[in-house]
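The values are calculated or read from the model by the stated rules, or taken from the named source; none is laboratory data. What you are looking at is a predicted structure, and each value in this text was computed from that prediction instead of being measured. Cβ: placed from backbone, ideal geometry, glycine included. Neighbour counts: every protein chain shown. Side chains are part of the model used for accessible areas, which takes the heavy atoms of the whole protein and leaves out ligands, DNA and RNA. Shrake-Rupley method; radii C 1.70, N 1.55, O 1.52, S 1.80 Å.
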Amino acid sequence: MSGVTPARGLDEAMFDAGPASGSPSRPGRRIRFRGLGLPIYTVLALLFLLIPIAYTFVFSFNDSGKLNIAWQGFTFDKWTSVCSVQGLCESFGNSIIVGLTATVLATALGTLIAIALVRYRFKARSAISLLLFLPMATPEVVLGAGLAAQFLTLGTEKGLLTIILAHTMFCISFVVVTVKARVASLDPALEEAGRDLYGSPSQVFWRITFPLLLPGIAAAALLSFALSFDDFIITNFNSGSVDTFPKFIYIAAARGIPAQVNVIASAVFLLALVLVVVAQVSRAARAKRLAKLLP
Amino acid sequence: MAASTASFAESGADLELVGITKRFPGFTAIESLDLSIPAGSFFALLGPSGCGKTTTLRLVAGLEEPTAGQILIGGKDVTDTKPFQRPVNTVFQSYALFPHMTILENVAFGLRRRKLPDPVGKAHEALKLVELDHLASRRPAQLSGGQQQRVALARAIVNRPALLLLDEPLGALDLKLRRQMQLELKTIQTEVGLTFLHVTHDQEEAMTMADTVAVMNKGKIEQMGAPEQLYELPRTAFVANFLGQSNLFTGPVVSSTADAITVDVAGVPIVVPRTRAQRHAGEVAIGVRPEKLTLFTEAPAPAAGRNILGPGRVTDVSFSGVSTQYLIEVPGIGELVVFAQNMVFGPVATVGTEAWVSWNADHGFGLDDDPVDIPRSVLSPVGPGDSTESIAIQRRIALEEELEQA
Ligand SMILES: Nc1ncnc2c1ncn2[C@@H]1O[C@H](COP(=O)(O)OP(=O)(O)O)[C@@H](O)[C@H]1O
Ligand SMILES: [Mg+2]
């Protein structure tokens, strides 16, 4: 290697993306750079990111016993017998229920809060804006323990309900931040035009405000679901005897994680991948249609 | 629904503002404004930026609530009604087209909300009126600025509102397109017979389009009337300088007859017809338009019915094709502007020449302002920012560039 570091490679790549100025005085170096440095660096980085996922996927086909550590041979059995592991599918179902409920609640409430914070002037507006950041900045252990203490004081029995409440609570902040940016970029004149054109307040909201905020709201909902589905720390404090998927894995890890866990993890990953691909393809198709319309 | 539908007439309705005041926290944008716009007229509200034009429109549309006063449309008090209950539509300054809907759906929006029959057919008709029907299935983002402007117009007109509000609708268009749209707007207004309330800071636009112009300054109407009337007989210094340019003088009234008053301007008696003067005694401010002045290089013989000032010195000569503008410094009076038609080859006077000016006494006007508020020279116009002269110069430059490109 002639002193080429990945960092230099990245710089060069960014430089290449810029306007085609180039320095023809040193063509050899540049070509060698383009030819090898960048691809090698990219492949390494991607490998680093993807190996854990690939591992999870591959080992969902491992013909293992209780322990899923060493490769024992290929089988589809784990995919067909996911629910045979006691408590696994139940915990996964709980995670889905909690994730969907908390997402719907947090997205609805957070969207309304975001609109209020941007569109209206009221007392303590900036204080509320600031306080909404706190749950994001506070360590999860503190949040989880604090909530648990309050549920104890109130005498609420821990279960699905307390998990949903806890998740809604920490998701709201993320929804507000995401949707607020979208509301701020929405020209108030559009809603005024709606009112001027005989739209009642609810018609203006559903026909103008909501569709225009939808990309932000959808992003906030996806984020909420991901955060909720993923959460272990806060859940662990507030779930009582109810298991969610992350909690199940954590407990199972003490005895050895069954390969069925890999099956579920892989399935979720594949589903997400399919969704992303579908979204990209439909967006590309739309862009193509738009391009055709333009002269 | 039926009740509100019934109030949408086939022709425009008159608008009346009675004692409207609008205060924002710590700022009074409009101060007891009275305004009456007859049905079917093309009315322009003209004023510099920040004088409260948009606020006035928003009050009429119902997007703001007045602090005090009443708004009547077609004789009906609508002060306490919501925007969607008023027979009024607005063409917004930013157009505010709904980006997620097609052009057709944008135009049909108001009709659909009112559940009127055949919204699609009517929307197509309105789009034909602005010659954009072939683009009905596009989105706003796929249209040029001028096209978006027409869609905004069609979207408002299709509802046949009793009153159409236009907030500087041509402000974002380039000069050529603006000229074209001015004519088109005027044609459409005559065709549909609606009442147009057009807001602009462009005096030329107001003068060419409107039947009636109201000149607004700092939240108040300074003067209202037909464009020629405003230009010929401005009542305040603000109007005299916002609509074109004026030479203004101050002095005490020294004699007064049934027909005229005589004002002592730095020792020179200046006669103004009594009917053209707002004040008839004490210290007054008077003025005359630059094109009404005649320039002399020798002292003109005194004549009855003519005012003469001079001698002074020519300080600037600028040739602009059809006319030449002279600046003349008269000791004790200040700088005068003279527009002279180029009847002969070359300027009649050069910089440094001794010069006199004279004008027919019937052409002068007397203002309603307190003379202490009047700046001595026309070169420091009263209106903040928008000097009509600088606007005219910018226009000319823009037009020249356009012609070069073509
Ligand atoms: N919501 C508001 N709050 C405070 N001041 C405002 C508000 N809207 C307008 N103003 C003030 O009122 C004045 C008139 O504004 P506007 O009607 O938009 O002027 P124009 O349309 O003539 O340029 C301006 O000085 C502006 O700063
Ligand atoms: Mg304005």
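Angle, helix B:388-405 long axis vs. longest principal axis of chain B, Cα atoms, 0 to 90°, nearest 10?
Result, in degrees: 60.
Considering only the other residues whose Cβ falls under 12 Å of the Cβ of A:LEU160, what net charge follows from Lys and Arg at +1 and Asp and Glu at -1?
In short, -2.
Which listed residue (A:VAL58, A:SER81, A:THR103) has the Cα farthest towards the positive end of the charge dipole for the stretch A:42-137, taking +1 on Lys and Arg C-beta and -1 on Asp and Glu C-beta about the Cα centre?
My answer, from the dipole projection, is A:THR103.
Rank A:PHE210, A:GLY155, A:LEU197 by how far each Cα sits towards the positive end of the charge dipole of the stretch A:90-244 (+1 on Lys, Arg Cβ; -1 on Asp, Glu Cβ) and give me just the farthest.
A:LEU197
Run the paramagnetic zone check for B:SER49: 7 angstrom along Cα to Cβ, then residues of the stretch B:180-211 with backbone nitrogen under 15 Å.
B:200-203
Are there cysteines in chain A with no other Cys C-beta under 4.7 Å, and if so, which?
A:CYS171, each lacking another Cys Cβ under 4.7 Å.
Please compute the modelled spin-label separation between B:MET343 and A:LYS292, points set 7 Å along Cα→Cβ, answer in nm with one decimal.
It works out to 6.9 nm between the two label points.
Could you give the accessible area per residue of chain A, probe 1.4 Å, as a whole number in Å²?
60 Å²
Sort A:59-68, A:216-225 by packing, meaning the average of other beta carbons within 10 Å per residue, with the highest value first.
A:216-225, A:59-68
B:VAL130: net charge of surrounding residues, Cβ under 9 Å, Lys/Arg +1, Asp/Glu -1, itself excluded?
Cβ neighbours under 9 Å give a net charge of -1.
Whole angstrom only: what separates the Cα centroid of the stretch A:167-190 from the Cα centroid of the stretch B:19-57?
35 Å
Computed on protein heavy atoms with a 1.4 Å probe, what is the summed buried accessible area for the chain pair A and B, in Å² to the nearest 100?
Result for this pair: about 2200 Å² buried.
At 222 nm, what value in deg cm²/dmol follows for the protein assembly as shown if DSSP H runs of at least 4 each add -39500 (n - 2.57) and the sum is divided by all its residues, to the nearest 500?
Calculated from helices alone, the mean residue ellipticity at 222 nm is -14000 deg cm²/dmol.
Using alpha-carbon positions, what is the distance between the centroids of the stretch B:221-295 and the stretch A:84-145, in Å?
Cα centres, the stretch B:221-295 to the stretch A:84-145: 70 Å.
Residues of B:110-116, mean number of Cβ from any other protein chain within 10 Å of their own Cβ, rounded to a whole number?
4
Starting with the highest mean, order A:70-80, B:174-184 by the number of other Cβ atoms within 10 Å, averaged over the residues of each peptide.
B:174-184, A:70-80
Of the lysine pairs in chain B, how many meet both conditions: Cα atoms under 19 Å apart, and a spacing of 8 or more in sequence or different chains?
9
How well do other chains shield peptide A:197-207, expressed as the mean number of their Cβ atoms within 10 Å of each residue Cβ?
The shielding value for this peptide is 6.
What does the structure give for B:96-105 when I average, per residue, the other chain Cβ atoms found within 10 Å of the residue Cβ?
4
With every protein chain kept in the model, how would you rank B:SER137, B:SER255 by accessible area, 1.4 Å probe, largest at the top?
Descending order: B:SER137, B:SER255.
Quick check: residue separation of A:SER282 and A:ILE96 times 0.36 nm, minus the Cα distance between them. What number comes out in nm?
Full extension of this stretch gives 64.3 nm more.
Please count, across chain A, the pairs of lysine residues with Cα atoms under 25 Å apart that sit 8 or more places apart or on different chains.
Lysine pairs satisfying the spacing and distance rule in chain A number 5.
Nothing charged except the Cβ atoms of Lys and Arg (+1) and of Asp and Glu (-1): what's the magnitude of the dipole of the stretch B:211-296 about its Cα centre? Round to the nearest 20 debye.
160 debye
With a/c under 1.5 counting as rounded, go ahead and sort the protein assembly as shown into rounded, prolate or oblate using the C-alpha gyration tensor (a ≥ b ≥ c being the square roots of the eigenvalues; past the cut-off, prolate if a/b is larger than b/c, else oblate).
Taking the square roots of the gyration eigenvalues as a ≥ b ≥ c, the protein assembly as shown is prolate.
Can you pull the one-decimal nm distance between simple spin-label points at B:LYS76 and A:ARG125, each 7 Å off the Cα toward Cβ?
3.4 nm
Could you give the accessible area per residue of the stretch B:2-229, probe 1.4 Å, as a whole number in Å²?
39 Å²
Can you tell me the FRET efficiency between B:THR67 and A:LEU161 if r is taken as the Cβ-Cβ distance and R0 is 45 Å, rounded to the nearest 0.05?
According to the calculation, E is roughly 0.35.
Excluding B:PHE238 itself, what net charge comes from residues whose Cβ is under 11 Å from its Cβ, given Lys and Arg +1 and Asp and Glu -1?
-1
Could you point to the residue in B:VAL78, B:ALA281, A:PRO135 farthest towards the positive end of the protein assembly as shown's charge dipole, with +1 and -1 charges on the Cβ of Lys/Arg and Asp/Glu respectively?
Working it through, the farthest residue towards the positive pole turns out to be A:PRO135.
Give the ranking of B:ASP362, B:ASP368, B:ASP264 by solvent-accessible surface, highest area first, calculated with a 1.4 Å probe.
Result of the area sort, largest leading: B:ASP362, B:ASP368, B:ASP264.
What is the distance in Å between the Cα centres of the stretch A:46-74 and the stretch B:336-360?
Rounded to whole Å, the Cα centres lie 97 Å apart.
Starting from the 7 Å offset along Cα-to-Cβ, what nm value, one decimal, do you get for the label separation of B:GLU354 and A:PHE232?
10.3 nm
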